[in-house]
1. From other protein chains only, count the Cβ atoms within 10 Å of every residue's Cβ in A:497-507, then give the mean.
2. Name the residue from A:His225, B:Met343, A:Pro389 whose Cα lies farthest towards the positive end of the charge dipole of the protein assembly as shown, charges +1 on Cβ of Lys and Arg and -1 on Cβ of Asp and Glu.
3. Could you report the accessible area of A:Glu117 in Å², rounded to 10, computed with a 1.4 Å probe on the protein chains as they sit in the structure?
4. Return the Cα extents of the stretch B:314-432 along principal axes one, two and three, sorted largest first, each rounded to a whole Å.
5. Hey, rough spin-label estimate for A:Asp123 and B:Ile224, points 7 angstrom out along Cα→Cβ, what's it come to in nanometres?
6. Using every Cα-Cα pair within the stretch A:430-478, state what percent have a distance larger than 15 Å.
7. Two decimals, Cα atoms only, Kirkwood Rh: what is Rg/Rh over the stretch A:49-111?
8. How large is the accessible surface of B:Lys175 in square angstrom, using a 1.4 angstrom probe and rounding to the nearest 10?
Amino acid sequence: MGDSHAYDVLVVGGGATGAGVLRDLARRGLRTLLIERDDFGTGTTGRYHGLLHSGGRYVAKDALAARECIAENRILRRIAPASIEDTGGYFVATPDDPDDYVDGFQAACAAADVDCEEIPVADAFRAEPALNPRIRRVFRLPDGSVEPWQLIESNVADARAHGSDAWTYQRLVGMERDGGRIVSATLRDERSGSVTRITPRFVVSCAGAWSGQIAAMVDVTVTMHPGKGTMLIFNQRMTDTVVNRCHKSSDGDIMVPVHTVAILGTTEQRVEDPDRYEITRDEVAALIREGEKLFPDLGRMRLLRAYAGVRPLYQPPAEVTAAAMKDGRQISRAHTVIDHDAMDGVENFVTIVGGKLTTFRRMAEDTVDLVCAKLGVTEPCTTADAILPNQVPGKTYWLGHRLAEHEAEGGGDADLLCECEFVTRPMLDDFLDRHPGCSIDDVRRGTRIGMGPCQGGFCTFRAAGLVGERARRVGAADVAESADRAILGFLRERFKGTRPIAAGRQLQEQWMISGVYEGGLGVRSLIEHETPEASREVVDVHR
Amino acid sequence: MTIAELIFDAQEEAVGYSSDECLKCNVCVTVCPVARVTDLFPGPKYVGPQAQRFRTGRAQPVQVPGTPFALSPDLTVDYCSGCGWCTTACPAGVKIAEMNSQSRARMKAGKRPKLRDWGLGQTDLVGQMGVLVSPITNRVLFNGPIRTIMEWTVGIHRDAPFPRFGKRTFQSTWKRRQKRLGSRPLPGPDKAVVYFHGCSANYYEQHVAAAAIAILKRNGFETIIPEQVCCGLPMISNALYGDARKKARKNIDALVGYARQGYRIIGTSTSCTHTIKAEYHEMLDVKDDDATVVANATWDICEFLLDLHEQGKLDTRFGRLDEDLPYHAPCQLRSHGIGLPAMELFALVPGLRAADMDHDCCGIAGTYGMKKEKYPIGMAVGAPLFDKIRASGAAEAACDSETCRWQIEKATGTRTRHPIEILLQAYRVADAAGGATPGPLSGAGTRAP
């Protein structure tokens, strides 16, 4: 990469919002660069519960957000079917849910244009036998589940097809401000350490919970209130339908089937630093207790992992809201586009905060409308109409597809590297071809390798072998080291999420995998070459 | 409550959720007799707990080109023989074989079963008809050209082992005998047992039923034989769950009255007794009180005889049988979890040199090895067993399961009998040698010299 790159717009943050903004800008003819300090979707986007909102969760307290959700839900089904599983959603009234909420639910849905139909409870029990038999009413809404990494890849691919670009592992280390303008941005390659300076005409921050840190680089204050949401991943889908409690949204009241697993969400807790938080065992136990109101056998089902995402919560100052209302622009309570020209006197800088994955496209549209107005671009937004690349109209995700493909004529010839998630050697080869220099954790987001019950136990060494084989093919000097790094890095990441739930079957699994890696493969001898802190990560597994 | 308490809360898991127990350790793969010999079967871990996570009640939104089924993604699970070794070996308690059976049923649900699979499930119907015209059926089933045509048309392999139909069913013989003897008071549960003969003894091997009755009588038990039907296992194996449930219900209703009075239910077909003991509950989801009472009262005949012996109540005055006896323990017997009672009984017979062939599966697995596309797999599975039996040079072999006996006889040319037939022969040798009338019984644990 050279010293300078002629981009119209720099987008900071490779989550769904950043990818959506990148795509929208590119389609309106602005040459744009997206940068991400890690891999795509490693922040809040990749740490959410997989729900494609119908809007049902917001109808009572935030009709505007509900309207936005259902509108975007319909659009995403059209433009990104492969990233969406049409699970449908139930809103169920358990004995713990108040009658007045349940009674008013259908009317609230109708008012927000959210499709809602009450169905006989017997039908719901037939479709989902694991449901709590004491559920007394069931409403069906068009919820779904969505695969965030594929969605980002599609958006980035579309942007690239329109002449824009996206770089991962590029950290924004500084921006230079000259009076009321940002004149340049400095990036550091997180893997090689090389530094690049670019001079965009405009900067859009899509850094979510990290937005405050980006704005601070040009002495602008954006006060975020990062909210941690903890989720639990169950080994298999006890439901093929999204199930919500029919009450005012709260902790542990939604189960979303995503790919082979089911995810119970969520909690709400303020954290100071979006990069530092922990998940406690009490939180896990409390989630399970709540979840048992939906699925009474939940406590017996195998947990794979606990994880948390940090919501990019932002409460705009009251005077800003009032000012915006005055110019007729409607600000959704769901997300906020901050115009730093009007607020802070930086004319070519915008931050987008709040929102949710379901509405990422709308958030991007609102943001790009403002950017275009400032740059004098009049092209209309087309992201709601154009189907994303590599998508087939109407062909939504089907859980059985990997098994079916492996079972089809000739499919079984491909070596299974990850037996839990049916990731084959050709799939891994293809991903490594397209993402040179990536880690196995990047491969995981792209292919789901290591996301099943053994959490990488039986695929990590196979994948590491493949990485080493490639290193040898290109004549690298550190063939063995690259395989070692691949093993250690991946194990560390996988073990991290299992610690808060380490009990029962998943603890047995951990013991066995530790036996394989420590006893069989002597992974401890690799740890000795690592920093003390890093070694503790792996050794601590059993504590 | 802690998470551990929440998670450890319940011990008993449904078959479907038992895949949660899988630690991916591969023990099941290493014991699978089928995966060992063919690439057509990707192994119990793959088709069991792994594939389970991808099965869903929802159809494909748009059919993936070239994929086998719109609803179920599965195909290779059909190559599971159902021998049950995986479930037996799993250290974590995953019910793999049961899961496979259910998946196969699901895969075939809503489609008309193949005539062959349907026919192989209908042992009662086929048996009744076969016995009715047994001279013809036997000629047909042992005629080479006709068997070749059958292979082409029906899909039953031309070389697959078939039994010969008897002249009449065991049930009708028994009823005739009861009529001749007239009605007598029923002895108590310590003096009589219920006999579950199963299809093989009813239609093909009436001599096994006769041996069972003789052995039970010799040890002081009258035999009660209520009306009964096929246990349902052939239907389970051929994905006909609805039919199997009807059979289960009929048998439970016929047996539960006796079981509640304390009568034990003794079977000579180790796969029938295992079906009643375990599969009604686990595979067919028949789990009411009656089913549990019947299951708990059911015994495999060798298990029962060994139990008598342990209580010092078995007549151990066996005559000398000076012969080598290769013995194959069927898969279903291992699923009982009762050890190898036949081997312990053989040790009571003077001169008898019984040898456990120590091979997992003969390859027939009920009706699996009869099917055209699976016959070569079954033969490969059983090959080491056949070699050992042939190498022993023994004149006869023993095995507790009928289809295994047919398979071994067909593959090795060695006559293969039920263990109780061997035991009965030993009693007869003793009788011929003099002690024609039964004398005092053995003490506990005594063994013949």
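1. 3
2. Selected residue: B:Met343.
3. 90
4. For the stretch B:314-432, the Cα spread along each principal axis is 48, 30, 19 Å.
5. 5.0
6. 45
7. Details: Rg = 13.1 Å, Rh = 12.8 Å.
Checking Rg against Rh, the ratio lands at 1.02.
8. 100
The values are calculated or read from the model by the stated rules, or taken from the named source; none is laboratory data. Values in this document were obtained by computation on a predicted structure and should not be read as measured data. Backbone-built Cβ (ideal geometry, glycine too); neighbour counts: all protein chains shown. For accessibility, only protein heavy atoms count, side chains too; no ligands or nucleic acids. Shrake-Rupley method; radii C 1.70, N 1.55, O 1.52, S 1.80 Å.
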